Amino acid sequence: AHAWGWPNIYTYTKSLGEQLVAAETEIVRGIVRPSIVESAKSYPFPGWNEGFTTTAPIIFMTLKGQRQLPANPKLILDITPVDQVAAVMLAVAAQACVEEPKLVHQAATGDSNPNDMERIIGLVGLFRRQQEQEKTDGLRLFHEISARIEPFQVSPERFEATSLPMMNTAAKKVSSLLDKAKPRWGGGRYEGVINRMKQTVDHVEQQTREAREAFEMFLPFTVENAYVFRSDNVRALFDRIGEDEKQLLTWNPEQFDWYDYWLHIHMPGLKKWVLPTLEEDMRTQPKRIYTYRDLLEMFETTTKRHETRVAMRIERDGHKEQYTYADLRELATRAAAFFASHEIKNGDRVMLFSHNAPEWGMTYFGVLKAGGTCIPVDPESSTEEVVNFARAGEASGIVISDKLKQDRSSLPEQLNAAGLSHVKLWTFDEVFELTDEQTESDRIALLPARVTAQSVASLIFTSGTTGRPKGVMLSHRNLTSMVSMLSSVFDMDTSDGVLSVLPLHHTFEFSTGFLTPLSRGAQITYLDELNSENLAKAIKNGHVTGMVGVPALWELLHRRIRNRLHDRGKLVGETADLLIKFNAWLRDKTPLNFGQLLFYPIHEGMGGRIRYFISGGSALNDKVQRDFQGLGFTILEGYGLTEASPVLTVTRPENRMLAGTVGKSLPGVEIRIAEPDPSGVGEVIARGPNVMLGYFGNEEATREALVDRWLYTGDLGRLDDEGNLYLVGRSKDIIVDTNGKNVYPDEVEEVYQDSPYIKELSVIGLPDGIGEKVACMVVPDNEYDIALSRADLRQKIEEHFREVSAKLPYYKRVKLLHFTDDELPRTATRKVKRREVVQMMQQLEERTRSSAGVAGNEELTGDAAWLIQIVASVSSRTLDEVSINSRLGDLGFDSLMFVELAQAVENAGGALTAPERLNEVQDVRELLTVVNRQAAQTARREATRLRLDAEKDDEIHIPDFLKAVGNKTVELAQRALYDRLLRTKYEGRSNIPYHTNFIVAANHASHLDMGLVKMALDDAGEDLVALAAADYFFDTKYKRAYMENFTNLVPMERTGSLRQSLRHARSFLDRGYNALIFPEGTRSMSGEMADFKPVIGYLALAARIGILPIYLEGTYGAFPKGSTLLKSRDVSARIGRFIDIDELESITRGLPRAEAYRLISARVRHDVVNLRDRTNVKFDPSEIHELWQAERRAGKLRIEASDEEFATAEV
């Protein structure tokens, strides 16, 4: 075609066809030759366009910002609407029915109503201006500026030298230079940077090349061919048509208003019908990745191709271990030989019961190489669950880690009791034991030659201690297909590293964080113990470019980052917020991302290599995702289920963020909405090579889930025009009211949850006769505004609900609202268990009805009504929920609440006549017998409050500049004291967790202790606040001026509500601060360590924060209580192992709260004593429980409500 001067094959072959038709003289024929066919003028409606896109690519690029257009300004661009062309074809066809038509009918507009390129470029520019000015998102000023950047005509030579061709040439040169700069030897981080730069440059080269080719294709129409097509034959034909028929066949190009056609018909039509498809076509398409026949082919290929590269890393007991791909192949083969020698053969099933570690993956592939099926088990499973899984999965053996074997010591006995004595139990040491060469060879000879693609690789069970759990059968083909799909979306290579955080038994982590990285030659880092310290160290110092996690992890990181920014001052925090919003907007609108530049310290603090995070398990908060987007990170959100291996959809790693969607289906996966309602919502069904074989031994369940190879997920969702999936809830969670209206709980939650006073909520359907009513359980955020009482806080939430309800249809409104201070029950993947919330709601309803009935049948005295009000306030209940017969245990009273009750009674003008009996009281009626109402105390307290308020009116104001200078001076003085004047030693700094905030628990014997702790913590000490008694450190305006401006002390009222003080302390922990607490309650008079108060246990469990024990030595000898001069210079701080919240919760699980708090305080004191004595005595909770039981029998154990030391603990 080019040799004969044709611009493309289409026009060349069209010309050949016309000549062949013209050469035939024995037939009736007519050639209708239209010019450039574009959008319909009126039929079937203005702007209709389906496939007529000649001008679309140039208009598309112009709207995207391309300014230079190569064109001959006076060249006529002959465009004819498609409905006018159709009219000509019908007219010629009608003429051919009655007579021989003219051979050629040119359907053109250039001879009767010419429109040149100069005018067309101006009209396109005007349309672009209108589009920019109509935009409402982003910065208005930016759109106004962009609207005035209009396209203009240039010569082809200038276009070649200064526009797309020039950029394409430059991109090619840069790509070539990067190829030369790339090391040939494994350049580590440097190689990764080069690879990512080259990927970006190659993408630019491809985009500019395709755009340049598009312009080159249209050069004959816009520059070269200055033809004027004549339509004389068409006009002559239409002159013969009657006026009545001309209304049906319209040909009137001479009447066209080109301004109106281009601005109001053609370009709006393109925008609606053509440009979205064009934009999708021009996006980067996923690359094709080879799909391995089975997992063993993938394993053998990757371990040979990358054999010298590091595959897995872990640090255990201070020793760093790493395994290359060659090591991985050798150890997996050794494990396979072990299984074969123990008669594991094709089709046998082996359970894998361990926390994440390199041995997990080696064992998994060892099972497969032996021809078996692996049953991965949650390491948190109880012994009973493991036994049930072994029975349901017909397991031949169990591989268990040493730690779990010790923790589940009764497993062999229970297996025997369950009739499973044939199930063998092996440890990793046994599996990987090195035998002599001959034995190893004999074992390897027993291995099968290959496995089939449809063999079951993984059998994954749902949790459950009773009954027969469902076992999802995933074949080799399922999992290799999933690896191929994920690899086509996530551009992972040998320069990448993944931090494995989620348990490997979850298919989400297994596929995205294990199989996919291994298939691409990447590294995987494991943590010996999943805690904030190890997590921070691995992210900062490990080779980590990506991480798979659940929303809770991203929310933790988000909270920490924001708190660090805002702690640097109001101006810094607000500026950071603006920059986050600006960069998020910039990434949505342009290919630019300034996050790594604007927030360099944050990126460096996370290792400087992070490319993207992958989130799954439950919905990710839009605010968290948007802020990470603005910080320069990319969080990709996926959706799927175990039955799909497990991913079905995922958002793509683009610069812009799509909020609210879980993305498009993976390549090869088909997603549909079954039986959609009028709004497009229906059950999500999926089909693809990743969908499971079925449920093990459960044909009925398989038939329900798989219908004609379609997997019915049970999730409700809708698809948008671009194929993005939006989830709205589970089908079984639909609320059906008495009128038959369907309500989707997730949608209702979204509109009600936007209040700072709400920590979390769950919308459920509460049975109400023949239907359900929309009910909501709310957990208030008691720390958001600690000045609000619980009643005021709940009133704020109720007002919010009323405002939202007013905007909703009646059937969607929440009809019943209840509050709870307990966390909502959730699954392991953090999804709310709505069935359990329904049970909680029903219990609250029953309690409300019972309390109301009793209260309504009895007349209350003034003292009783007064006391009920106090009890309701302390227990956070409404007055309707508390009556004279209410049991304090039912109202949630624990030891701390009894302490607060005593204080509340005192504050309200009452007194305890028998304080020793308070914690023995069973109900409100009995409580009335130990309380005496005294009005005089109220007056005295009010007078004291007024006096203090008057003093505060005369506070000393410190100017900001003086505050800055003073803080620096105090810091220098403190460093001089501890670094020079005192001979200070620090031990155990490696135990400091830098990635999370924590509570510091230390012994207390001197005023030197607070500063010594801060210096010992080094950088972590910058976020340290020390809680101090307000009546000692803040009792005068001079002390207040100094303490509030030049120290990190936070006042705590020792004479007010203890619970309010503890909430105040929690607020600092929740905001990311580290808090120093001296659990003894006061400085030691003798230097001996006293018992630790349970307040530290309350704070740790309530805030879900770990504890860092520290022993301070020498401070009592240097500066004891009552001293004014230093008596010694030798002081030291020994920092112990961080006790994370998971460990604290595990040792207190199932205990009453009072005992849990005391047990934690005992555990912390035990660790501090170990630090003092330099011993490593193991803490035994059972000994503590036995001691408490002995004390109870002797009548000695009691948490006294009048315990002033506890109530007024110096913290």
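Any read-out appearing in this document is the output of simple, stated calculations on the displayed coordinates, not a laboratory observation. Keep in mind the model is a prediction, meaning the values are calculated, not measured. Cβ: placed from backbone, ideal geometry, glycine included. Neighbour counts: every protein chain shown.
Observations on the structure shown:
- The order of Tyr292, Tyr43, going from fewest to most other C-beta atoms within 10 Å of their C-beta, is Tyr43, Tyr292.
- C-alpha long axis of helix 895-907 to longest principal axis of the chain, angle in °: 80
- Taking 7 Å steps out from each Cα toward its Cβ at Phe582 and Arg847 produces label points 5.1 nm apart.
- Among the trypsin sites (Lys or Arg not before Pro) found in region 780-851, those both in a DSSP coil and sparsely packed, with 10 or fewer other Cβ atoms within 10 Å of their Cβ, are Lys807.
- Antiparallel bridges, percent of DSSP beta bridges restricted to region 739-850 (to nearest 5): 75
- Given (1) 53; (2) 48; (3) 70, the label whose value is percent of Cα pairs over 45 Å apart derived from this model: (1)
- By the count of neighbouring beta-carbon atoms within 10 Å, fewest first, Asp232, Asp567, Asp1070 end up ordered Asp232, Asp567, Asp1070.
- When shorter helices are ignored and each DSSP H run of at least 4 residues is given -39500 (n - 2.57), the per-residue value for the chain at 222 nm works out to -13000 deg cm²/dmol.
- Sequence-separation-based contact order of the chain, relative, with Cα cut under 8 Å and 6+ spacing, percent: 6
- Residue order, fewest to most surrounding Cβ atoms within 10 angstrom, among Val32, Val1131: Val32, Val1131
- Cβ-defined net charge surrounding Tyr323, 14 Å radius [Lys, Arg +1; Asp, Glu -1]: 0
- DSSP finds beta bridges in the chain, and of those with both partners inside it, around 50 percent are antiparallel.
- Cα gyration tensor category, rounded, prolate or oblate, for region 58-121 with a/c compared to 1.5: prolate
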